[in-house]
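Below is one structure, written out as structure tokens; comments come after it.
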Amino acid sequence: MTNNFLLGAATAAYQVEGNNDKSDFWIMEHLKNSTFKEKSGEAVDHYNRYEEDIQLMREAGMNAYRFSIEWARIEPEKGIFDREATEHYRNVLECCHENKITPIVTMHHFSSPQWIIREGGWENEKIVDYFKNYCRYVVTELGDLMEFICTINEANMRNELITVMKSFAKSLGINIQVGVKLQLPEKMMAGQREAGKAFGGIESVNTFLSPCTPKGDLLIMQAHEAARDAMRTVDNRFKIGLTLSLHDIQVVGNATEKAVEMWDDEFKHYLPFIEKDDFFGLQNYTRTLVGEEGELSVPEEKKKTQMGYEFYPQALENVIRKVSSELNLPIIVTENGVATDNDKDRVTFIEEALSGVKRCIADGIPVLGYMHWSLLDNFEWQLGYSKTFGLIEVDRKTQTRKPKDSFYRLAEIWKRESER
Ligand code: BGC
């Protein structure tokens, strides 16, 4: 099993490509009262430099690359599909194959076309058909070069945001697993009004990073199922899955009930919608300590990452074990990583995480791959470029790539682990 193991790194189009000006977040970044710390701009110019980046991966001994297709590039206006953008992604896929890198393609990684938001975004039931049509188009055009497909990245992120916002009233120290800044209600409302205007005078702006209603949570699952089934009719060779952001929830004291409730919210209630998938995309960064009242803040003495959450690479093994006891599907770790400016810490993190993966495989859990987040230092959403998750540093003035030690160590560590 370890011979065919998919080992590589992950990126998301909006975070690395640059100039995604037809996407919703482009508007959100350019608002006067934007919650984004800075603008994505050219990002790390991966749109033009993907060949160099993929070749580097090959040189570092990786054999897989998880990246996303920017929906707004492919379908900048409803029903209008862009040939040039489609060809671009064909070139990226071909480049992967030429370098013996298996592509793992994500169809939606947080950003959506602006026209989707104008039509009510992720709270409008039409999203199900819109997403399905886009996915069917992509695989009809490019499916000959694709096998592993993630429909929606962190499909639970909208729901996670609502949970976090509830606790936000109580505590200001809570962190979520992605670069989103929470705001006080008055500021949020003012921001919403400005955003509504910027999208052409709509009442509420529902991007994928806006907290959702229960209906919105369900719509994501329906969009996933519809897209999966439509793509299967194009080619039944595809391996299709969904990804979720999962914490290693650990009970402190008498909080089992609370922990069960949190796990249900984060994972279990999605099971009926993913059981017919071909694999599960597991994304984990840390653990969450839970007391009777809910999430506890990270104890003072614990080491923290740049994101403010605990440096705790052991979480990955625990989450893999938990998921595999409840879901009978092969698992790909589609994201796992650490925001730090100390690359030695990143190497330690990778060592711990991969030895956990190896133990899971040795115990018979079908883990098919591990994608480190992230290939490159990149645009961490509302937190801008301040968080460095990359295996490769980028000088954004010249866009020069400087691989870190961890970049070359990833494959070495895995080799060592698998020969043990
Ligand atoms: C998201 C990425 C993000 C990463 C680090 C994940 O939740 O999929 O887009 O950059 O976490 O916060």
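Where both partners of a DSSP beta bridge lie in the chain, what percent of those bridges are antiparallel, to the nearest 5? Expressed as a percentage, antiparallel bridges in the chain total about 20. Quick one: compute the contact order of the chain, relative version, from alpha carbon pairs under 8 angstrom and 6+ residues apart, as a percent. Taking the mean separation of contacting Cα pairs over the length of the chain, I get 19 percent. FRET efficiency for the pair residue 416 and residue 186, taken as 1/(1 + (r/R0)^6) with r the Cβ-Cβ distance and R0 = 51 Å, rounds to 0.40.
Rounded to the nearest 0.05, what FRET efficiency do residue 123 and residue 341 give with R0 = 41 Å and r taken as the Cβ-Cβ distance? Could you check?
Working: r = 38 Å, r/R0 = 0.93.
After rounding, the FRET efficiency stands at 0.60.
In terms of packing, defined here as the mean over residues of other Cβ atoms within 10 angstrom, the peptides 135-141, 302-308 line up highest first as 135-141, 302-308. Packing-based ranking of 327-339, 252-264 yields 327-339, 252-264, ordered from highest to lowest mean Cβ neighbour count within 10 Å.
The simple spin-label model puts a point 7 Å past each Cα toward its Cβ; for residue 222 and residue 408 those points are separated by 5.3 nm. For 377, 144, 248, the sequence from fewest to most other C-beta atoms within 10 Å is 144, 248, 377. Using the average count of surrounding beta-carbon atoms within 10 Å as a protection proxy, the listed peptides 107-114, 236-243 rank, highest first, as 107-114, 236-243. Report the Cα centroid-to-centroid distance between the range 227-248 and the range 260-311 in angstrom, as an integer. Each part reduced to its Cα centre gives a spacing of 22 Å. Using the structure shown, select from 22/78; 215/322; 126/215; 32/215 the pairs with a Cα to Cα distance greater than 19 angstrom. Exceeds cut-off: 215/322; 32/215.
Taking a straight Cα-Cα cut-off under 16 Å and skipping sequence neighbours fewer than 8 places away in the same chain, the aspartates and glutamates within cross-link reach of residue 100 are 51, 52, 53, 59, 144, 147.
Pairs from the list 39/397; 37/387; 197/387 with a Cα-Cα gap above 23 Å: 197/387.
Each value in this text was obtained by applying a stated rule to the coordinates, not by laboratory testing. Because the structure is a prediction, the values reported are computed rather than measured. Note that each Cβ is placed from the backbone with ideal geometry, even for glycine, and that neighbours are counted across all protein chains shown.
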